[in-house]
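Reading through the structure tokens given below for one structure.
The values are calculated or read from the model by the stated rules, or taken from the named source; none is laboratory data. Bear in mind the structure is a predicted one, so any value in this text is a computation, not a measurement. Cβ sites come from the backbone with ideal geometry, for glycine too, and all protein chains shown count toward neighbours.
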Amino acid sequence: MSDIFLPHPSNPKSFCLGPRTYENPTDLISCEANRIPFVSQDIDLNSWADCLRAWPNPPESWTTWYSRVAKAHMPLWQELNIADALSLSLSPLDKDENLLKTIGYFWSDALNCFLFGHGPMTPTLLDVTMITGLDIGSPDPAAHRMVEVTFKLSSKTDCTNWSTYMNQHMKTKGPVGKKEHTFFLNLWLEHFIFCGPSLAPTKNYLPLAYHLAHGNHTSLGKLFLGETYICLYLMTTSLLSQRKLRTGGP
């Protein structure tokens, strides 16, 4: 978590960022620019080995399942502002290793932004909604207030990867009920949106999938951006402490 900006008690015009005090924002940016890994660490691209394994390319039969569920629930997806992001999951996504290996070196874990030569930059909610179409205006349900899911995933021994997951939960005929829709959205959230590091199905996002399947508006764009910030923070703090990078998804 980033430090908090507070007025300095002896000088109201200055401010503190954690244990450090700055006279103005320019001093802050200059000091923090010297802390980013690009300046303070030797670049070691080998530290990225086996870090981003959870790459969100569509598993086999995903397109078939998407087509089946979309016929029944496209109007609901459009109402919830997830239709565009769901359609993006149909296309393979190229993995730019060089870009991903270097971008973390420019992230400030204190300012939550990239510090480049021309100034600070950071992804925003506007970027998220323009690129993905995800909702950024609806409230997010508290985890402890979400409705309990009335069914369970297949056991881990029977469902060790996404292919077996789809074999267990994807139907080929008949109506698409709430249960199948929930399992479909669970795969989408875990594999494409949040890129879980397990490379296999989990129940981490099942309550959220169940919530969406019942037509509840949710600000997924905020959750998506928050996960992006967490990923960048973990990347940078690992580089600064010279620990092996283990961030899960991209």
| field | Count of region 192-250 residues which are at pLDDT 90 or above and basic (Lys, Arg) | value | 1
| Restricting the search to region 104-153, which residues are modelled with pLDDT of 85 or more, in a helix (DSSP H, G or I) and exposed (fewer than 13 other Cβ atoms within 10 Å of the Cβ)? | LEU126, MET130
| message | What pairs come out if I take residues in region 159-170 that are within 18 Å of SER198 (Cα to Cα) and pair them with residues that are of a type in the set (A, V, I, L, M) whose C-beta lies under 6 Å away, six or more apart or interchain? | response | THR160/ALA200; ASN161/ALA200
| query | Among the candidates LEU220, LEU208, LEU239, which residue alone is touching a helix residue (DSSP H, G or I) at 6+ places or on another chain (Cβ under 8 Å), crowded, with 21+ Cβ neighbours inside 10 Å, more than 18 Å from MET146 (Cβ to Cβ) and not basic (Lys, Arg)? | reply | LEU239
| Which condition number does LEU220 fail, the rest of (1) out of contact with any Gly (no Cβ under 7 Å at 6 or more places or on another chain); (2) within 22 Å of ARG53 (Cβ to Cβ) being met? | (2)
| Residues of region 177-197 that turn out to be surrounded by fewer than 18 Cβ atoms within 10 Å (Cβ to Cβ) and within 15 Å of ALA72 (Cβ to Cβ), as a count | 3
| said: If the requirement is being in a helix (DSSP H, G or I), at pLDDT below 75 and surrounded by fewer than 16 Cβ atoms within 10 Å (Cβ to Cβ), which of these qualifies: SER30, SER67, SER87, SER2? | reply: SER30
| note | So, first residue in contact (Cβ under 8 Å) with a residue 12 or more places away in the chain in region 86-105, second residue part of a loop (DSSP other than H, G, I, E, B) and among the polar types (S, T, N, Q), Cβ within less than 8 Å, six or more apart or across chains; the pairs are PRO92/ASN57; LEU93/ASN57; TYR105/GLN41
| note | Taking region 173-197 and keeping residues assigned to a loop (DSSP other than H, G, I, E, B) and in contact (Cβ under 8 Å) with a residue 24 or more places away in the chain leaves PRO175, VAL176, PHE194, CYS195, GLY196, PRO197
| query | When you go through LEU93, LEU100 one by one, which is the residue that is surrounded by fewer than 19 Cβ atoms within 10 Å (Cβ to Cβ), assigned to a loop (DSSP other than H, G, I, E, B), modelled with pLDDT under 90 and among the aliphatic types (A, V, I, L, M)? | reply | LEU93
| query | Checking THR122 against (1) touching a residue at least 60 places away in the same chain (Cβ under 8 Å); (2) hydroxyl-bearing (Ser, Thr, Tyr); (3) more than 17 Å from GLN41 (Cβ to Cβ), which single condition isn't satisfied? | reply | (1)
| task | Say whether the condition of being surrounded by fewer than 15 Cβ atoms within 10 Å (Cβ to Cβ), in contact with a helix residue (DSSP H, G or I) (Cβ under 9 Å, 6 or more places away or on another chain) and at pLDDT 85 or above is met by at least one residue in region 159-169. | result | yes
